[in-house]
Amino acid sequence: MMNRRTLLVSAAAAGLAARVMAQTPPPAVAGGHVAAGLPEPDETIDLWPRGAPGMPAMPPVEIVDERSRDAGLTDRSVHGTIRPRLVVFRPRIPNGSAVMVTPGGGYARVVIDKEGYEIGRWLSARGWTVFVLFYRLPGDGWKAGPDVALSDAQRAMRIIRARARDYGLFPERIAAMGFSAGGHVCADLSTRFDAKVYDPVDAADRLSARPDVAAPIYAVQSMTLPIAHPGSRELLIGKDAPPALEAAHTPANNVTRATPPTFLVHAEDDPVVPVENSLLYRAALKKAGIPVETHLFTAGGHGFGLRLAMGKPAEAWPDLFLAWARTQGLG
């Protein structure tokens, strides 16, 4: 027989399950394959309960592409994101720390596996709770323009803090990590976490969006040519953007004493995003007195993530991040 307490607990669990089921599922290729032995996440959190603000007159259509020709690997990307959301990787035993990951994709798409799910699985296996953010893209016509990805990142960070207890997290142990153009989202969040880029939605928006530490990995940073990545720059601020707009969206120009401690990784032979992006950001952090850990690898190219760093010195970067994060009180 069920007593009152059991009934209430069961009802609460059913309500939680219903809320989880009501969320937009992770991006997926219709009929696509999955890699054997690699669990696919199924828990998501929609950022905007009443829909993302500033909808374009012609809303984008979310499309997921599979780029891998290897049946044993997936290399998916999504573009046209209309329902920005977090995909959650829960560890078996949480260590109390979390990281929000913003994958790259040149602001034309958001990669799913190489800079999202792979690091999500790796970190969650080591006790971290990982939230992979699928953010909106500035070229899709959203009202927020070049601040649209930042508004999703701010909102996501606040939601993670609001739900910290549900995930066994300390709200003061939330990191941000981003790759390539997602590294620009990460650095933008680190330097403009309190910029008003959207109207508050609920109580979560009273919380801070500041990451406790940040890790922009081979990040797009400068919006000034020739250092800027041309494709990311054009989609974010426009091909003919004036110098003032370039400066406003270059995180090195927005560093303050409130910017969180930062971990930087870049390959010096990066042919896509020049290493000067990280060097200029490091110089700005040092000037402001922000602790910064910097790892430059002679070889690695661009977009190495985890899989393409294997067998090279650059494959050490995730362990270096964990060691550094512990010195900052995380992990």
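Every number in this text was worked out from the coordinates using simple rules, so none of it is lab data. Since the model is a prediction, treat every value here as computed from it, not as a measurement. Here the Cβ positions follow ideal geometry from the backbone for every residue, glycine too, while neighbour counts run over all protein chains shown.
Remark: the range 226-327 carries a charge dipole of roughly 340 debye about the Cα centre, counting +1 on each Lys and Arg Cβ and -1 on each Asp and Glu Cβ.
Could you grab the relative contact order for the chain? Cα pairs under 8 Å, six or more apart, rounded to a whole percent. Before the final figure, lay out the partial values.
Details: 681 pairs, mean separation 44.6, N = 331.
The value is 13 percent.
Fewest neighbouring Cβ atoms within 10 Å first, the residues 310, 223, 177, 55 line up as 310, 55, 223, 177.
Here the range 127-171 is scanned for amide nitrogen atoms under 14 Å from the site 7 Å beyond the Cα of residue 199 along Cα-to-Cβ, giving 143-144.
Roughly how big is the chain's charge dipole about its Cα centre, with Cβ charges of +1 (Lys, Arg) and -1 (Asp, Glu), in debye to the nearest 20?
It comes to approximately 1120 debye.
Distance between the 7 Å Cα→Cβ label points at residue 93 and residue 69: 4.4 nm. Principal-axis analysis of the Cα atoms of the chain puts helix 148-162 at an angle of about 40° to the longest axis.
Answer rounded, prolate or oblate for the range 209-331, using the Cα gyration tensor with square roots of eigenvalues a ≥ b ≥ c: rounded when a/c is under 1.5, else prolate when a/b is larger than b/c, else oblate.
Working: a/c = 2.23, a/b = 1.22, b/c = 1.83.
Note, shape of the range 209-331 comes out oblate.
Tell me, what is the percent relative contact order of the range 57-168, built from C-alpha pairs under 8 Å that lie six or more residues apart?
Working: 197 pairs, mean separation 29.6, N = 112.
Here the relative contact order equals 26 percent.
A dipole drawn for the chain from +1 and -1 charges on Cβ atoms has a positive end, and of 55, 254, 167 the residue lying farthest that way is 167. At most 10 other Cβ atoms within 10 Å and a DSSP loop assignment: could you name the trypsin sites (Lys or Arg not before Pro) in the range 280-312 that fit? Hits after loop and neighbour filter: nothing returned. Taking other C-beta atoms within 10 Å as the exposure proxy, 222, 68 rank 68, 222 from fewest upward. Per-residue ellipticity at 222 nm, computed for the chain from helices alone with -39500 (n - 2.57) per DSSP H run of at least four residues, works out to -8000 deg cm²/dmol. For the range 81-327, with the dipole built from +1 on Lys and Arg beta-carbon atoms and -1 on Asp and Glu ones, taken about the Cα centre, which of 86, 104, 116 lies farthest toward the positive end? Result: 86. Rounded, prolate or oblate: which fits the range 35-131 when a ≥ b ≥ c are the square roots of the eigenvalues of the alpha-carbon gyration tensor, with rounded for a/c under 1.5 and prolate only if a/b beats b/c? Cα axes put the range 35-131 in the oblate bin.
Taking a straight line from the alpha carbon of residue 287, these lysines sit under 26 Å away, with near neighbours fewer than eight places off in the same chain left out: 196.
At a 10 Å Cβ-Cβ cut-off, how would you order 128, 324, 122, fewest neighbours first? Spell out each step's value before the answer.
Details: 128 27, 324 19, 122 16.
Ascending number of Cβ neighbours within 10 Å: 122, 324, 128.
Net charge within 10 Å of residue 102 by Cβ-Cβ distance, Lys/Arg positive one each and Asp/Glu negative one each, not counting residue 102 itself? Before the final figure, lay out each step's value.
On the way: positive: none; negative: 115, 152, 188.
Neighbourhood net charge equals -3.
Diffusion coefficient (Stokes-Einstein, Kirkwood radius over C-alpha pairs, 37 °C, 0.692 mPa s) for the range 81-327: 186 µm²/s, rounded to a whole number.
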